[in-house]
Structure formats: C-alpha cells, structure tokens
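Take a look at the structure below.
Coordinate-derived values only; no laboratory data. Keep in mind it's a predicted model, so treat the numbers as computed, not measured. Glycine gets a Cβ as well: all are built from the backbone with ideal geometry, and neighbour counts include every protein chain shown.
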Amino acid sequence: MTIETTSPEKALAEVRKEIDALDDALHDLLMKRTELVVEVAEAKARAASAAGEGSFVAFRPAREAQVLRRLAERHRGSLPVRVIFRLWREIIAAMTRIQGPFRVDVFGGQDGSALSFWDLARSYYGSSTPMELHDNARDVLRRVVQDRSVVGILPEPGTHAAADWWVMFAAGGQSEARVVACLPFIDVAEGENHVRALVVAQTGFEPTGDDTSLVAISSSESLSDSRVTSLVAAAGFSGQRIADAKLADGPSSHIYLISMPFHVAEDDKRLAALEGGPILEARLLGGYANPIERATDGE
C-alpha cells in the first residue's frame, strides 16, 4: 500500500495558489465596481444637465459613513477594522475622483499640528487625491466656498487655537457649504492621541441615523451656558454650547456654536422658533455622522 503525504512545501504552494485566486477575484470585483461607478456618473451628469446645472457633486459623506458602519458591523477575524476602513476609503476616494474633480484643502497651522491634520486627511481621502496644506484655517474655508470640488479639513471648534473659523462661516453670507463629516471616523481609545477635525464642503448634510448637528446662534447680549440651554430647549431642541465668540460689528455682539445630538434638516421649523428675544439669528452649519467608537481594534 502506498501512503501519500503532502509536504510542507506543497501545502504552502496550494495556499499561495488559493490566495492568488482570491486576489484575482478581488481585482475583478474592483474593476466591475468601477464600471458601475462610471455608469452612475453618466446618469448624474444627464440629470444635472436636464436640471440646467453645469455639474454635480459626487461627494456623498452620509452614504460613505453608512457604508463604513455596515462593514464594521459585519467584520470578523483578526484583521483590524481600521485597516478595512483604510482600504475602503482608498476605493471610495478613487471612485469619487472618477466621477468628477475632487481635491482636499487641509489646515496645518504653525504649531506643529500640520502633520497630524495632513495624516488625518490623507488616511480618509486616499493616497492619490490632490491635497494642499494651508497655514490659515480661514483660507481653507474660503477655498471651499469658492470651489464646489474642494473638501476642507478644519480643526474641531474648541480643540485648537485656530478653531474659530466657524465664526466666519456662521456670520458670513449665504453659502452652499456645510459641515458634513467628522474625522477620524473610527475612534479607538486604546493608545490613541489624535487630533479631531471637521469636514466642510458644498454638499448636503444628510441623515444617517446617528448624527450630530451644529447650529450657530447670534445674540444681542452675552448668554450663560444655562441661558443658552434654556433658549434651545424652549425652541424644542436639546444641545450644548461647544464654542463662542464676541463680535466686533453689527447688531449681534455674541455668537454661540451649539452641538445637537441628532440630525437637523434645513427646513426644521425649530430653527425659526429659536429666533426671538436675545437671539437674532439661528443658522444650521451642518453636522456629521457620529464616529464609530471602540475600546480596542483587535491588535
């Protein structure tokens, strides 16, 4: 009787052959996904043309957040979910660029935080997406307001010396720009010491089912935290002040940034209800899908 045995070398070759087949399958799927994205872009271009618009914005941060949440929920095994996110972010960013112009302008500052914000942006928006670094946060905001293909990465209000950019955003004229995302999107407590940033772009703030909204209120007088809370509650909202500033010109002397733990739509009647008494104007600045929080990531 002949006893057949498999040598370690043969077993390893078989495993490598299976890995190669999986790589081919993944590659085929990516190419097929790209073909579908091209079809979507062509359909969007036709719809924009029919509506009398010269172009369309392919960037959909709410949809992107929902994709990542779904992947996090179904993920299993020892591969860290942060790696999965990085892979999909490369895919999503590349597919966005296939549909039309897309670039990222990043606040860097002059206090040594430039690398942190740059890495945060690069990790989320891909290795091949055009990016430019700016010393001034307000320069980033101006670029976003002037160009609908630009996404701006700005320090989260209340976390950085240059995070007063929101005042210019809230007190300026009407603009299509909104806060639409928060980075990093996955927040792992174990060993993390990262900066936080908000993403501003000329696209809609759409609901994802787990969101935070940002509303700026302009006041004719200085308001305490408790007064702000009571005025917000009287309009039917709940929220807390996360930043404030004193204004030099105009009827409004103070402006406050309120974080609300839910999605607020542009036509929410409670925004109008906020106005009255000391509050001269209430403006929705946008918001973001709440990041995924994890104690560890399996590493």
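From most to least packed by mean Cβ count within 10 Å, the peptides 260-271, 195-206, 70-81, 154-165 give 195-206, 154-165, 260-271, 70-81.
The overall shape of segment 18-63 is prolate: from the C-alpha gyration tensor, with semi-axes ordered a ≥ b ≥ c, the ratio a/c is 1.5 or greater and a/b exceeds b/c.
Magnitude of the charge dipole for the chain, about its Cα centre and with charges confined to Cβ atoms of Lys, Arg (+1) and Asp, Glu (-1), is about 420 debye. Cross-link partners of Lys246 among aspartates and glutamates, defined as those whose alpha carbon lies under 12 angstrom from its own and excluding same-chain residues fewer than eight positions apart: Asp164, Glu221. Taking a straight line from the alpha carbon of Lys44, these lysines sit under 30 Å away, with near neighbours fewer than eight places off in the same chain left out: Lys32. Using a Förster distance of 30 angstrom, determine the FRET efficiency expected from the C-beta separation of Ile98 and His75, and round it to 0.05. Between Ile98 and His75 the formula returns 0.70. Taking the centroid of alpha carbons for each part, segment 246-263 and segment 139-187 are 15 Å apart. For the pair Phe262 and Met168, label points projected 7 Å from Cα toward Cβ lie 3.4 nm apart. Structural descriptor for the chain: relative contact order 17 percent, calculated from alpha carbon pairs under 8 angstrom and at least 6 residues apart.
Would you kindly calculate the translational diffusion coefficient of segment 212-288, applying Stokes-Einstein with the Kirkwood radius from alpha carbon pairs, for 20 °C and a viscosity of 1.002 mPa s, and quote it in µm² s⁻¹ without decimals? Estimated diffusion coefficient is 176 µm²/s. Direction-averaged projected area, Cα convex hull, the chain: 21.2 nm², rounded to one decimal.
As a rough guide to protection, the peptides 43-50, 55-62 ranked by mean Cβ packing within 10 Å, highest first, stand as 55-62, 43-50. From its DSSP helices (H runs of at least four residues, each -39,500 (n - 2.57)), the chain gives a residue-normalised ellipticity at 222 nm of -13500 deg cm²/dmol. Between Ser55 and Thr34, the simple spin-label model (points 7 angstrom out along Cα→Cβ) gives 2.2 nm. Per-peptide packing, taken as the mean over residues of other Cβ atoms within 10 Å, places 247-256, 115-124 in the sequence 115-124, 247-256 from highest down. Within the straight-line cut-off of under 16 Å between alpha carbons, the aspartates and glutamates reachable from Lys10 are Glu18, Asp20, sequence neighbours fewer than 8 places apart in one chain being disregarded. Each of Thr159 and Glu221 was given a label point 7 Å from its Cα along the Cα-to-Cβ line. The distance between the two points is 3.5 nm.
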